[in-house]
1. Suppose the chain between Ser159 and Asp118 were pulled fully straight at 0.36 nm per residue; how much longer would it get relative to their current alpha carbon spacing?
2. Can you give the FRET efficiency to the nearest 0.05 for Val171 and Arg228, using r as the Cβ-Cβ distance and R₀ = 30 Å?
3. Over the stretch 1-58, average the accessible area per residue using a 1.4 Å probe and give it in Å², no decimals.
4. Residues of the stretch 61-178: accessible area per residue at 1.4 Å, in Å²?
5. What does the charge dipole of the chain about its Cα centre add up to, to the nearest 20 debye, if the Cβ of each Lys and Arg holds +1 and the Cβ of each Asp and Glu holds -1?
6. Using a 1.4 Å probe over the heavy atoms of the protein chains, calculate the carbon and sulfur portion of the accessible area of the stretch 1-81 as a whole percent.
7. Would you work out what percent of the accessible area of the stretch 188-230, with all protein chains in place, is carbon or sulfur (probe 1.4 Å)?
8. Helix 215-229 versus the longest principal axis of the chain: what is the Cα-based angle in degrees, 0 to 90, to the nearest 10?
Amino acid sequence: MGTSEPSRRQRLREQTTAEIKDTALSLMSSGGPDAITLRAIARRMGMTPNAIYGYFATRDDLITTLIDELYTSLVDAVETARDAHPADDPAGRIQAWGESFRSWSLANPEGFRLIYGDPVRDYQPPEGGAAPEAQHRACLGLVGLAVGAWPRVHDKDASSYRWSDFDKGLVGKVREAFPDQPPGVLALALRLWGRFQGLVSLEIYGHLRYQTARPAKLYRDELAATLRSLNLTPSGR
């Protein structure tokens with residue numbers, strides 16, 4: 001039997017839930033993360049405060065939902081871009097991840113800020129974090145990029161790391177997924193993360209606004225330099 005169509009009530013609830021989330025991000029855009037309150041959202045939407053509690057019991061529930069959905073959207077985007085390149089093309093996969101990361105972030109600046117930047121005052125995430133699955137995928141995705149590049153890496157500093165240099169919980173996840181890799185791979189993954197996020201963060205927060213009219217070129221060149229440092233040839237160069 002086919003799946004039944006959602007009822008009108010269900011459709012209205014889904015539409016209202018989506019509008020609540022969009023309104024929260026709009027409030028954050030104009031007033032920062034502290035502007036996200038259920039009362040402010042209700043006022044903006046013309047709802048009573050009591051009515052909005054039927055969708056999200058607390059502001060923290062709403063914040064958790066936003067972070068989880070946005071982080072998942074980000075990881076979906078970078079994984080899709082990466083997987084457009086075969087496993088034997090580590091340069092293409094790294095470059096695609098980095099370019100997709102910037103594109104998603106610029107299209108979703110409030111999402112970037114919630115995931116990576118702005119703490120929400122008095123927000124208490126659930127045990128395990130707001131988006132544990134997305135965070136896990138992002139972590140292992142970055143390590144996977146490092147694993148692909150590792151055979152070409154000739155960096156004496158990379159071999160100087162020990163597993164004890166890193167968080168035990170992180171090490172456990174990485175060694176379970178990549179049991180035959182050395183600790184230098186995790187160091188490389190963290191360095192890649194820093195390369196991807198650094199210039200994007202400056203751009204999102206407006207710090208490059210008066211310094212350059214070509215932030216995209218800066219970012220592309222940073223990716224290319226990263227690949228060259230790993231003895232990989234940038235795509236299209």
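The values are calculated or read from the model by the stated rules, or taken from the named source; none is laboratory data. Only a predicted model underlies this, so the values are computations on that prediction, with no experimental measurement involved. Please note: Cβ atoms are built from the backbone with ideal geometry, for glycine as well, and neighbour counts cover all protein chains shown. Only protein heavy atoms, including side chains, enter the accessible area calculation; ligands, DNA and RNA are left aside. Shrake-Rupley method; radii C 1.70, N 1.55, O 1.52, S 1.80 Å.
1. 11.3 nm
2. Rounded to the nearest 0.05, the efficiency is 0.55.
3. Normalised by residue count, the accessible surface of the stretch 1-58 is 67 Å².
4. Numbers: 6100 Å² over 118 residues.
Dividing the accessible area of the stretch 61-178 by its residue count gives 52 Å².
5. Working: 29 positive and 29 negative charges, 107 e Å.
Computed about the Cα centre, the dipole is about 520 debye.
6. C and S atoms contribute 48 percent here.
7. The computed percentage sits at 56.
8. 40 degrees
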